[in-house]
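Written below as structure tokens is the structure these notes are about.
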Amino acid sequence: MKTILYGNGGCGNHGCEAIVRGTYELFKKPLIISSENIDEDRQYGLEEFCDIYDAKAGSPGKLQFVKAYMKLKIMGDYTAMDVLPYLSTIRKLRDKSTLALSVGGDNYCYTNQKFYAFLNKAYQDNGIKTVLWGCSIEPEIVKDADVSRDLKSYKLIVARESITYKAVREIDANVVLAPDPAFFMQAKECELDHRFNNGNVIGINISPMILSNEKQSGAAYANYKNLVDFILRNTNMNIALIPHVVWQQNDDRSVLQRLYDDFEHDQRLIMVEDHKAPELKYIISKCRMFVGARTHSTIAAYSTMVPTLVVGYSVKARGIATDLFGTDEKYVLPVQNLKNERELTEAFCWMLDNEDKMRNHLKRFIPNYVNDGGHIRSILESV
């Protein structure tokens, strides 16, 4: 039977797309997507290897609605109401699969853990085993009694970095450590701007999410702007501005366009258009170095051996960097800690000084990391 993937936000976030594609590359068999945005997933080509179902296609039964409504009225809990539209598709899928992977990656890092616990239980109530797939979870969240109980109910948890792995082990849940599924996704060649031809391009990704996580207002954008100014003034490198999420409400292009405009469309700035995730990985692989905010943009760089500096805000950035380099210091710049506009440029200069060392380390480390990570295939097949 096919495996269900659920909890993925849609391919307008190319990290979500990369998780699905990497999972397919790992197992090499068709999947079922319970899709949060069926049009997006079709637009970016998931229908080529997945059966796509609308996650919220059905109407709830009267009894289910009454129970959820009473919870809302008596307890003020919206979660049961929020889950209602999903129940029809879950029931439909119980005859098509016995295994479902919750693939949102960092869904449990945010404020709606109850919602994912409800989905987890709904799949289990329909006789479908659940696996929390390629996840990161802040250690403090794991300690919450309700979250801990929910996590223990998964048949298996696959942590994508060791900080999460250690935190989940402490609550005695069934957990293993494996690379983020996007590490397994293959790059796909596409047409490049001619300015990539000399191999002297710095890739830059910035996201609205980063701006919303800063503690000092304006610090993140000021740091990126200072970095672009430094590169243009002090090097002969070109700069590729690369979006990795293009959702209307959370679009990297809005911030990248602001940078592009602030430097008056300088001829050394390349505004990269939207592409499918494998093509974005190819574009990033052709960068000399990469500075990224979106986790899966940096995974595209790491996995193609491009020296990378992460502007991060959560456990996933710190954990992945630590697993790759033995430490996150110098490799991750926490956006919450930014205080002056020169910090990103200083971190970039350190990367520039250590460029060859980083590249050589990734060339030695990544092939074994990905190859050894393939052990998760046999573990999952035995669930």
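The values are calculated or read from the model by the stated rules, or taken from the named source; none is laboratory data. Here the structure is a predicted model, which is why all the values come from computation and not from measurement. We place every Cβ from the backbone using ideal geometry, glycine too, and count neighbours over all the protein chains shown. Note: accessible area is taken over every heavy atom of the protein model, side chains too, but ligands, DNA and RNA are not part of it. Shrake-Rupley method; radii C 1.70, N 1.55, O 1.52, S 1.80 Å.
General remarks:
- Surrounding net charge for residue 304, when Lys and Arg each add one and Asp and Glu each subtract one, Cβ distance under 11 Å: +4
- Taken along the Cα-to-beta-carbon direction at a fixed 7 Å, the label points for residue 96 and residue 215 span 4.7 nm.
- Measuring only protein heavy atoms, the 1.4 Å probe finds residue 155 accessible over about 110 Å².
- Net charge of Cβ neighbours under 12 Å - reference residue 174; Lys, Arg +1; Asp, Glu -1: +3
- Rolling a 1.4 Å probe over the heavy atoms of the protein chains gives the chain an accessible area of 44 Å² per residue.
- With Rh defined as the Kirkwood radius, the inverse of the mean 1/r over Cα pairs, the Rg/Rh of the chain is 0.98.
- Compared with the direct C-alpha span, the chain from residue 339 to residue 262 gains 25.6 nm at full extension, assuming 0.36 nm per residue.
- Sequence-distant aspartates and glutamates (8 or more away, or on other chains) whose Cα lies within less than 12 Å of residue 357: none
- Pairs from the table (56/129; 29/152; 29/129; 56/316; 114/152; 56/281) lying more than 22 angstrom apart at Cα are 29/152; 56/316; 56/281.
- Relative contact order for the chain: 16 percent, from Cα pairs under 8 Å spaced at least 6 residues apart, divided by residue count.
- Net +/- balance of residues flanking residue 21 in space, Cβ distance below 13 Å, scoring K and R +1, D and E -1: -3
- Distance-filtered residues of the stretch 98-122 - backbone nitrogen under 15 Å, label point 7 angstrom along residue 149 Cα→Cβ: 113-122
- Shape class of the stretch 170-234 from the alpha-carbon gyration tensor: oblate, with a/c at 1.5 or above and b/c at least as large as a/b.
- Sites residue 254 and residue 234, calculated FRET efficiency, Cβ-Cβ separation with R0 30 Å, nearest 0.05: 0.65
- Restricting the calculation to Cα atoms, the stretch 221-345 yields a radius of gyration followed by a Dmax of 14.1, 40 Å.
- Efficiency of FRET from Cβ geometry, residue 126 and residue 329, R₀ 51 Å, rounded to 0.05: 0.65
- Shown for the chain: the carbon plus sulfur share of the solvent-accessible area, taken with all protein chains present and a 1.4 angstrom probe, equals 46%.
- Seen from a random direction on average, the alpha-carbon convex hull of the stretch 277-375 projects onto 6.4 square nanometres.
- Theoretical gain in end-to-end length, residue 360 to residue 51 [0.36 nm per residue, Cα-Cα removed]: 107.2 nm
- Model label zone, residue 140; criterion: amide N under 12 Å from point 7 Å along Cα-to-beta-carbon; scope the stretch 312-352: 315
- Summarised in one figure, the compactness ratio Rg/Rh of the stretch 102-181, Cα atoms and Kirkwood Rh, is 0.92.
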